[in-house]
Amino acid sequence: MRWSNYYLMTAREAPRDAEVISHQLMARSGLVRRLAAGIYTMQPTGWRTLRKLMAIVRRRMERAGAVELSMPAIQPAELWEESGRWARYGVELLRMEDRHGRRFCFGPTHEEVVTDLVRRDVKSYRQLPINLFQIQTKFRDEIRPRFGLMRGREFLMKDAYSFDADEEGLDRSYRSMHAAYSRIFEACGLEYSVVEADQGAIGGSSSHEFMVLADTGESAVASCAACGYGANVERAEVGELPAPPAGRGEAPIEVSTPGTTTVAQVAELLEVKPAQVVKTLIYETDDGLAAVAIRGDREVNEVKLLNVLGGLGLRLATAGQVEAATGGPLGFSGPVGLSADVRLVADRSARALAGFVCGANRGDRHFASVRWDRDVASTRPVERVDVVTAVHGDPCPRCSGGELRLSRGIEVGHIFKLGTTYSEKMNCTFTDDGGRLRPMEMGCYGLGIGRTAAAAIEQGHDRNGIIWPKPLAPFTVVLCSLDPGAEPVRSAADGLYGELVDRLAPAGFDVLYDDRAERPGVKFKDADLVGFPVRVVVGARSLANGGAEVSNRSGGEREVVALDEVCEAVVGRLQR
RNA sequence: CGGGGCGUAGCUCAGCCUGGUAGAGCGCACGGUUCGGGACCGUGAGGCCGGAGGUUCAAAUCCUCUCGCCCCGACCA
């Protein structure tokens, strides 16, 4: 491709709305152009990168036995009502009506459509397993799209859906997708980690996220260097926290604590550490109110809490609800004397304390020297749970001695075992080898195409621009002719261009020939900005030095090689 | 949806407080000098100052309403 005939415009400055580096560089290097909030045109170079990524994804999916198809983006409401998600999905689902008033949505995901398809076609265990995938434009009406392609409303996603006869089959499908994803991100040269993820209200038994490590990531990840445990902070378990020494005291002591509604105030007044106070939060759940006790210096993880309490959602109770449930005002709740009608769960961090301070369920009163067994568990049930939010340095839940480390990541892939959630609701059944009708075991596997490209830039850039991993660069090689209007540079560069194309195309590499009538500085800046992995420069100086100059965007050795050896030098660099 | 901010040339921004004929840099076009890390000089094109109402002799500027965009938060198979 000759740049003079190509559509690639770069800019010195990024648009003001570009916040993160990947978005700024994508905009400056002419890869994408914003059309509306969270909606982008992929310009020719950006599209080349996505096409290369999609080719890698397709190859790996097919090697893992998945079969590509293409499902409609527009989906009828009836299917979503069948799965129950028309009501549940919320405002993120872009809904519309046709001229007859029939309701549709623009698909944010395709469980319903693929389940409908498979239930019509597949009737026997002999036809299983099946894994169908597509790469398609999705639309999610995000409350707040941001960071360019990282969180768009319209975006390209590879989604695959597996159907198996039993759980062992689902395990196999899941493992094979797990492996395929790992190969894909390795092929892209990305540094990533696989972490346990929350399944959300959709249920299922297992879920993993593929995280590209980057400071700008929107997800927080807890991981243990000692044993390799990793989890989204949303669900990260925490090992047993060391308990402070037990306090003394024969019975709870009621103390006056006027106006102290926060742990910090109570701790200061009573001259104890926040870690010796038990904080009690009252939540409203689908099954009524629940009290959560946690160590005063720690925070409740509501995702973990929801998984413990069950139901679809929870929220902090209002002051009125707290007063009705505990008999005391907001800010003075505690487990001692709490009505047995209120479910009480105690985080292990709180349960490990002995002789602690907690609210007395009376205004301006706390208890000190409280013990769980003597003062609480003797009169009512207390569940011991893990609902604490993991913080840096917490003990690892899986190994002894390991510490959790918090880092940020970009969620580029998410795989789920759905089990029979959808197949039961939508009656997607088959006849097993014993003649019984059974729901299929399903899995679903998403991979963000644009987000992965953005993540590659977050991980690969310097102050001059993008440093693409070779497989994702829009062109693997840029050939800069520093004097395209004059001989002998022109004919040398033209000749090299032809040779490079002939030699590289069969190997899957491509060349952009910068034959524009621009000054050398402009060409170098643009080549760095767009981030072509290998650069070949032909100019009067390089010819005088014996040929063309070859270098890598990522740095390292720059060499001048004879014109007839340039192809070999380039290939050598590409294969390294 | 709550809080904050911004809409002026293709891009980045000044002008607004204190109303008086719309500016700069980059980019673009033309001419000249340059030519290995975003050159320089000159000339020029390019704006319903997001939109609608209002106040005023006069509005980019003040007031009201709207639309769009960005940031923080809540939300998110």
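The values are calculated or read from the model by the stated rules, or taken from the named source; none is laboratory data. On a predicted model such as this, the values are computed, not experimentally measured, just so you know. Note: ideal-geometry Cβ built from the backbone for every residue, glycine included; neighbour counts use all protein chains shown.
Answer yes or no as to whether residue A:71 is surrounded by 14 or more Cβ atoms within 10 Å (Cβ to Cβ), within 13 Å of RNA strand B (Cβ to nearest atom) and at pLDDT 95 or above.
Values: surrounded by 14 or more Cβ atoms within 10 Å (Cβ to Cβ): yes; within 13 Å of RNA strand B (Cβ to nearest atom): yes; at pLDDT 95 or above: yes.
Yes; evaluated as a whole, the condition is true for this residue.
Which one is surrounded by the most Cβ atoms within 10 Å (Cβ to Cβ) among residues in the range A:543-565 that are closer than 26 Å to residue A:462 by Cα and small (Gly, Ala, Ser)?
If we filter the range A:543-565 for residues that are closer than 26 Å to residue A:462 by Cα, which is where we start, we get A:548-560.
Among the residues that remain, those that are also small (Gly, Ala, Ser) are: A:548, A:551, A:554-556.
Values: A:548: 26, A:551: 17, A:554: 14, A:555: 9, A:556: 10.
My answer is A:548.
Scanning for something in a helix (DSSP H, G or I), within 15 Å of RNA strand B (Cβ to nearest atom), within 22 Å of residue A:163 (Cα to Cα) and touching a residue at least 24 places away in the same chain (Cβ under 8 Å), does the range A:179-186 turn up at least one residue?
To start, the set of residues in the range A:179-186 that are in a helix (DSSP H, G or I) comprises A:179-186.
From the residues that got through so far, the ones that are within 15 Å of RNA strand B (Cβ to nearest atom) too are A:181.
The next check asks that each one be within 22 Å of residue A:163 (Cα to Cα); those that pass are A:181.
Pick out the ones that are also touching a residue at least 24 places away in the same chain (Cβ under 8 Å) and you get A:181.
Yes, there is a match, as at least one residue in the range A:179-186 is in a helix (DSSP H, G or I), within 15 Å of RNA strand B (Cβ to nearest atom), within 22 Å of residue A:163 (Cα to Cα) and touching a residue at least 24 places away in the same chain (Cβ under 8 Å).
Pick out the one residue from A:364, A:347 that is on the phi > 0 side of the Ramachandran plot, of a type in the set (Asp, Glu) and not assigned by TED's automatic domain parsing to the domain that holds residue A:220. Give the steps one after another, and end with the answer.
Working: A:347 fails: on the phi > 0 side of the Ramachandran plot.
Answer to the check: A:364.
Out of A:164, A:159, I need the residue that is of a type in the set (Asp, Glu) and either within 14 Å of RNA strand B (Cβ to nearest atom) or without any contact (Cβ under 8 Å) to a residue 24 or more places away in the chain (or both). Which one?
A:159
When you check residue A:266 against the structure, is it farther than 23 Å from residue A:385 by Cα, away from RNA strand B (no atom under 16 Å from the Cβ) and at pLDDT 90 or above, yes or no?
Here the answer is no, as residue A:266 does not meet what is asked.
I'm trying to understand the selection: among the residues of the range A:116-132, which are in a helix (DSSP H, G or I) and surrounded by fewer than 16 Cβ atoms within 10 Å (Cβ to Cβ)?
A:120, A:121, A:126, A:127
In the range A:300-354, which helices (runs of 4 or more DSSP H) lie fully inside it and hold 3 or more residues that are closer than 12 Å to residue A:387 by Cβ? Quick ask: steps written out before the conclusion?
Details: elements: A:302-309, A:319-326, A:348-351.
Ranges flagged: A:302-309, A:348-351.
Of all residues in the range A:74-96, count the ones that are exposed (fewer than 13 other Cβ atoms within 10 Å of the Cβ), in a helix (DSSP H, G or I) and not small (Gly, Ala, Ser).
Summing the residues that are exposed (fewer than 13 other Cβ atoms within 10 Å of the Cβ), in a helix (DSSP H, G or I) and not small (Gly, Ala, Ser) in the range A:74-96 gives 3.
Among the aliphatic types (A, V, I, L, M), within 13 Å of RNA strand B (Cβ to nearest atom) and buried (at least 18 other Cβ atoms within 10 Å of the Cβ) - does that describe any residue in the range A:499-509?
no
Can you tell me how many residues in the range A:474-508 are part of a helix (DSSP H, G or I), under 22 Å from residue A:573 (Cα atoms) and not basic (Lys, Arg)?
The total comes to 15.
Just to be sure, is residue A:113 within 13 Å of RNA strand B (Cβ to nearest atom), in a helix (DSSP H, G or I) and either assigned by TED's automatic domain parsing to the domain that holds residue A:42 or touching a Lys or Arg at 6+ places or on another chain (Cβ under 7 Å) (or both)?
In short, yes.
Going residue by residue through the range A:292-315, is there one that turns out to be more than 24 Å from residue A:238 (Cα to Cα) and either of a type in the set (Lys, Arg) or assigned by TED's automatic domain parsing to the domain that holds residue A:373 (or both)?
no
Does the range A:433-449 hold any residues that are touching a Phe, Trp or Tyr at 6+ places or on another chain (Cβ under 8 Å) and farther than 20 Å from residue A:161 by Cα, and which are they?
Within the range A:433-449, A:433, A:437 qualify.
Can you find even one residue in the range A:319-335 that is in contact with a Phe, Trp or Tyr (Cβ under 8 Å, 6 or more places away or on another chain) and within 27 Å of residue A:199 (Cβ to Cβ)?
No.
Restricting attention to the range A:39-62, which residues are crowded, with 22+ Cβ neighbours inside 10 Å, within 16 Å of RNA strand B (Cβ to nearest atom) and under 22 Å from the mean Cα position of the chain (by Cα)?
A:40, A:57, A:61
I'd like the residue in the range A:1-23 that is touching a residue at least 24 places away in the same chain (Cβ under 8 Å) and in a helix (DSSP H, G or I) and, out of all such residues, is nearest to residue A:472 (Cα to Cα).
Filtering first and then ranking leaves A:22.
If you take the residues in the range A:328-362 that are closer than 23 Å to residue A:259 by Cβ and touching a Leu at 6+ places or on another chain (Cβ under 9 Å), which one is surrounded by the fewest Cβ atoms within 10 Å (Cβ to Cβ)?
So, considering only residues that are closer than 23 Å to residue A:259 by Cβ and touching a Leu at 6+ places or on another chain (Cβ under 9 Å), the one surrounded by the fewest Cβ atoms within 10 Å (Cβ to Cβ) is A:361.
Count, please, the residues in the range A:290-339 that happen to be under 21 Å from residue A:377 (Cβ atoms), out of contact with any strand residue (DSSP E or B) (no Cβ under 8 Å at 6 or more places or on another chain) and not polar (S, T, N, Q).
The number of residues fulfilling the criteria is 2.
Please specify each residue of the range A:541-558 satisfying the condition of being more than 6 Å from RNA strand B (Cβ to nearest atom) and within 21 Å of residue A:498 (Cα to Cα).
A:543, A:546, A:547, A:548, A:550, A:551, A:552
Across the range A:372-382, what is the total count of residues that are closer than 21 Å to residue A:256 by Cβ and either without any contact (Cβ under 8 Å) to a residue 60 or more places away in the chain or of a type in the set (Phe, Trp, Tyr) (or both)? Spell out how you get there, then give the answer.
Going through the range A:372-382, the residues closer than 21 Å to residue A:256 by Cβ turn out to be A:375.
Okay, now just the ones that are also either without any contact (Cβ under 8 Å) to a residue 60 or more places away in the chain or of a type in the set (Phe, Trp, Tyr) (or both), so none.
Residues that pass the stated criteria total 0.
Mind checking whether some residue in the range A:514-535 is near RNA strand B (Cβ under 8 Å from one of its atoms), touching a residue at least 24 places away in the same chain (Cβ under 8 Å), more than 39 Å from the chain's Cα centre (by Cα) and surrounded by 22 or more Cβ atoms within 10 Å (Cβ to Cβ)?
No - not one qualifying residue is present in the range A:514-535.
Residue by residue through the range A:297-316, note down the ones that are closer than 18 Å to residue A:278 by Cα and either buried (at least 16 other Cβ atoms within 10 Å of the Cβ) or among the small types (Gly, Ala, Ser) (or both).
A:297, A:298, A:300, A:301, A:302, A:305
For the range A:416-434, indicate whether the set of residues that are within 15 Å of RNA strand B (Cβ to nearest atom), closer than 30 Å to residue A:352 by Cα and crowded, with 18+ Cβ neighbours inside 10 Å is non-empty.
For the range A:416-434, residues within 15 Å of RNA strand B (Cβ to nearest atom), closer than 30 Å to residue A:352 by Cα and crowded, with 18+ Cβ neighbours inside 10 Å: absent.
In the range A:3-28, how many are within 11 Å of RNA strand B (Cβ to nearest atom) and either touching an Asp or Glu at 6+ places or on another chain (Cβ under 8 Å) or β-branched (Val, Ile, Thr) (or both)?
Residues that pass the stated criteria total 3.
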